[in-house]
Amino acid sequence: MLLGPSLLVSAILFSLGVVGVLLRRNAIVIFMCIELMLNAVNLTFVALSQRIGIEGQVFVFFVMTVAAAEAAVGLAIVIALYRHRDTVNLQSINLLRG
Amino acid sequence: MNPLAGSAADWAGLAILLPFAGFLVNGALAFWRPKARRAVSLVGVGSVAAAFVVAVAVFLAVRAAPPAAPYVRSLWSWIPVGDLSVSAALQVDQLSVVMLLVVTGVSSLIHLFSVGYMHDDPGYARYFAYLNLFVTFMVVLVLGANFPVMFIGWEGVGLCSYLLIGFWFTEKEKADAGLKAFLVNRIGDVGFLIAMFLIFSHLGTLDFRETFARAPQGLAAGGGAVTAIALFLFMGCVGKSAQIPLYVWLPDAMAGPTPVSALIHAATMVTAGVYLVARTNLLFAMAPVASAVVAGVGALTALFAATIGLKQWDIKKVLAYSTVSQLGYMFVGVGVGAYAAGIFHLVTHAFFKALLFLGAGSVIHVMHQAYHHSHRHADAQDMRNMGGLAAYMPWTARTMWVATLAIAGIPPLAGFFSKDEILGAAFTRGASQPFYLLVWLFGIVAAFLTAFYMARLMLYTFHGPNRTGDLERPHLTEAPWIMTGPLVVLAALTIVGGAINLPEVGALQRWLTPLTAQSAAFLPDLAPTPGVAIALMAGAALIGAAGLWLATRMLKPEALVPPERSPQETGFARLLLEKYRVDELYDRVIVRPLLWLARVVLWKGVDAGVIDTAGVNGSAALARGLGWIGSRLQSGQVGTYVVFFVIGAIAVLAALLK
């Protein structure tokens, strides 16, 4: 039931996230795009669980937990970065340049 | 079962071990107790004398039960590789025992002489260590039962020769002389090695017995293979035994202490080439062309070196060219196929040439001491500084006259018989092959010149007015007994040495027959008819006497002046004094082009140009360039990395879904 449209929405969300990560320069926006990709995956899990079983829905809770932890660490890094460099523009952060 | 099994011949290896132990002890003393002269002398002389005792015991065993085939004692398997199997084996037979006696006997006397000669040298222990090591390797060379073992000895004596020529290595020209000897010998050694490879590839063995057993079937007599083998073997001999064109190292080798010249560069090592030809006589007999080359080179060297000897002023240089010339005689002997005669001359030459060198050493020793007392720096080896020494050194003069008469071929001394036998064989062979008549003619002329230059040496050194300064004269005395003793023993051997192979009796000839019998089938009969033999003998004696007589009439020792006031030589005499400028020729034609090749082409061109620039720096630049390209990707922009990451992920997905 509605598997195809659900997966299509999920793919569109994931692609938006990828394009956002590739094109945006603000670290927080990139961060949000990553969340977008995670949630696109969550949608896939849920959509597929009606065919395969309950495991997909269970897994979504794990992903949400990890995403919450990751958000905490990621935001902390962004704040530390801002304190250090007075910017969250990733293009001006290229210390590892060869 | 060989009759020598279980006899003293089993212990022949002791003649190697004893001098080697002497080398180890003296080497240790040279490091830790260089002042312990008494111990060094005892060990140095004692070990070699003990080796001589072993040699005598082995000789008596061989005489008691003459073996028909060589007695080989294999000690251990040395190089077992596939088809090649070389064992560390010693061989006792009639030839090796003769060489063993000569080597250890003459070495003992020269070691004894060295105790006196080197007495005040700071390198006393080092000297005896080297000398003991030399005897070790020489005995290995003589006793080796296959080519590789012999080659070990061959190279070992070359090493000791190098060490002893450059014994006083702080003087550059002496170190250079050692280097020259070493390098020139390498050229010959390449020939020896190639000969070994050829023997193995054709006969599948390097063992002497096996080689000679297989050669008649495995090689065509007179064919290309056996000729090549013989010629390459002879190339080794040319280097080691100082024949044209590689003789140039031997006169320079006189830079070493005089007993070394007597032992290594006159009596033993330089005769190794003659021994090698006599040892492989079957191969040479099967290759008549190679034998003719041996005889021809020998005759040419005999004459050529004798002419140079006519004009040298350095007493040791005269003897050096004399040695080159006499080695030429030996090669004439083994080249015409008279192997016993060649070995006979080797033995007698070892006696009288060692005596001459030791006599010269005694003279140089005394001259040197006199200059030491007077604090004058003059050449203690230049005959123009000597003269009239017979009055001060009667025993040296007497014994050296014995040797001079022997080398000049005056009967009944040893040199007369041995030289006559060689020339007789050459003459007899000349009847059917006129080439050997030319060889004989060269030999006769060289014999005349030999008598002349030796008489010149004796007259200028021991007779006429004394040309040392007034300050030196009171210090001229006879050398101590430890030096004159060996001279007297060698003089006695020189007088009676001819008895080992008298004409018609031919004791040595019969003694060596088991080893030369195989080659007799390939050779004509070399014994001259009795009438011819007597005529040749009388002729040879007359030629020698004429040389001596002419020298006493032509040369005026009274007219000699010390070197600094001597007039310039002109014309041919100058060419002789400058040794035909062969060294200069080699320098221009070989040494300098080689150095140019090494410096300009190989160093600046190949090494600096190709290897350094293209190879070393080139590969570094390539790595750096690739690294630079790689580092352009490393932008530090996380976004860029993610682009690649996504592209990669899509590519993998596409590949998986296909």
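Residue count for the stretch B:495-533, restricted to those that are among the hydrophobic types (A, V, I, L, M, F, W, C), part of a helix (DSSP H, G or I) and under 17 Å from B:GLY342 (Cβ atoms): 8.
Per the conditions (1) within 14 Å of chain B (Cβ to nearest Cβ); (2) hydrophobic (A, V, I, L, M, F, W, C); (3) surrounded by fewer than 17 Cβ atoms within 10 Å (Cβ to Cβ); (4) over 21 Å from B:SER635 (Cβ atoms), the sole criterion not satisfied by A:MET37 is (3).
Of the helices (runs of 4 or more DSSP H) lying entirely inside the stretch B:260-367, those containing at least 1 residues that are of a type in the set (Val, Ile, Thr) are B:272-279, B:288-309, B:315-336. Residue count for the stretch B:564-585 satisfying the condition of being farther than 24 Å from B:VAL248 by Cα and part of a helix (DSSP H, G or I): 2. The listed residues are A:SER10, A:SER49, A:SER15, A:SER6, and the only one of them that is free of Cβ contacts under 8 Å to residues at least 60 places away in the same chain and either under 22 Å from B:VAL643 (Cβ atoms) or within 14 Å of chain B (Cβ to nearest Cβ) (or both) turns out to be A:SER15. Just one of the listed residues (B:VAL646, B:VAL652, B:VAL616) is β-branched (Val, Ile, Thr), part of a helix (DSSP H, G or I) and facing chain A (nearest Cβ under 7 Å), namely B:VAL646. Residue count for the stretch B:443-494, restricted to those that are assigned to a helix (DSSP H, G or I) and touching a Pro at 6+ places or on another chain (Cβ under 8 Å): 2.
Any residue at all in the stretch B:314-329 that is surrounded by fewer than 24 Cβ atoms within 10 Å (Cβ to Cβ), on the phi > 0 side of the Ramachandran plot and out of contact with any Asp or Glu (no Cβ under 6 Å at 6 or more places or on another chain)? So far as the stretch B:314-329 goes, no, none of its residues is surrounded by fewer than 24 Cβ atoms within 10 Å (Cβ to Cβ), on the phi > 0 side of the Ramachandran plot and out of contact with any Asp or Glu (no Cβ under 6 Å at 6 or more places or on another chain). Counting residues in the stretch B:558-573 that are exposed (fewer than 11 other Cβ atoms within 10 Å of the Cβ) and polar (S, T, N, Q) gives one or more. Can you confirm whether A:PHE31 is among the aromatic types (Phe, Trp, Tyr) and away from every other protein chain (no Cβ under 14 Å)? No: the conditions fail for A:PHE31.
Quick check on the stretch A:77-90. Is at least one of its residues away from every other protein chain (no Cβ under 14 Å), assigned to a helix (DSSP H, G or I) and either among the small types (Gly, Ala, Ser) or under 13 Å from the mean Cα position of the chain (by Cα) (or both)? Yes, there is a match, as at least one residue in the stretch A:77-90 is away from every other protein chain (no Cβ under 14 Å), assigned to a helix (DSSP H, G or I) and either among the small types (Gly, Ala, Ser) or under 13 Å from the mean Cα position of the chain (by Cα) (or both). Scan the stretch A:59-74 and give yes if some residue there is over 17 Å from the mean Cα position of the chain (by Cα), surrounded by 15 or more Cβ atoms within 10 Å (Cβ to Cβ) and within 14 Å of chain B (Cβ to nearest Cβ), otherwise no. No, the stretch A:59-74 contains no residue that is over 17 Å from the mean Cα position of the chain (by Cα), surrounded by 15 or more Cβ atoms within 10 Å (Cβ to Cβ) and within 14 Å of chain B (Cβ to nearest Cβ). Screening the stretch B:196-215 for residues that are hydrophobic (A, V, I, L, M, F, W, C) and touching a residue at least 24 places away in the same chain (Cβ under 8 Å) and picking the one that is nearest to B:THR516 (Cα to Cα) gives B:PHE212.
Step by step: first the residues of the stretch B:620-640, then only those that are in contact with a helix residue (DSSP H, G or I) (Cβ under 9 Å, 6 or more places away or on another chain) and in a helix (DSSP H, G or I), then the one that is farthest from the other protein chains (Cβ to nearest Cβ). Which residue is that? Filtering first and then ranking leaves B:THR640. The condition (being at pLDDT 90 or above and under 25 Å from the mean Cα position of the chain (by Cα)) is satisfied by just one residue among B:TYR371, B:TYR392, B:TYR436, B:TYR329: B:TYR329. Would you point out the residue of the stretch B:566-581, among those that are of a type in the set (Gly, Ala, Ser) and in contact (Cβ under 8 Å) with a residue 12 or more places away in the chain, that is nearest to B:ARG384 (Cα to Cα)? Checking each candidate, the answer is B:SER566.
A search for C-beta distances below 6 Å between a residue of the stretch B:613-638 that is without any contact (Cβ under 8 Å) to a residue 40 or more places away in the chain and any residue that is among the small types (Gly, Ala, Ser), counting only pairs 6+ apart in sequence or on different chains, returns B:SER631/A:GLY98; B:GLN634/A:GLY98.
If you go through the stretch B:179-231 and pick out every residue that is surrounded by fewer than 20 Cβ atoms within 10 Å (Cβ to Cβ) and not in a helix (DSSP H, G or I), you end up with 5.
The values are calculated or read from the model by the stated rules, or taken from the named source; none is laboratory data. Remember, it's a predicted structure, so these values are computed and weren't measured experimentally. Virtual Cβ from ideal backbone geometry, glycine too; neighbours counted across all protein chains shown.
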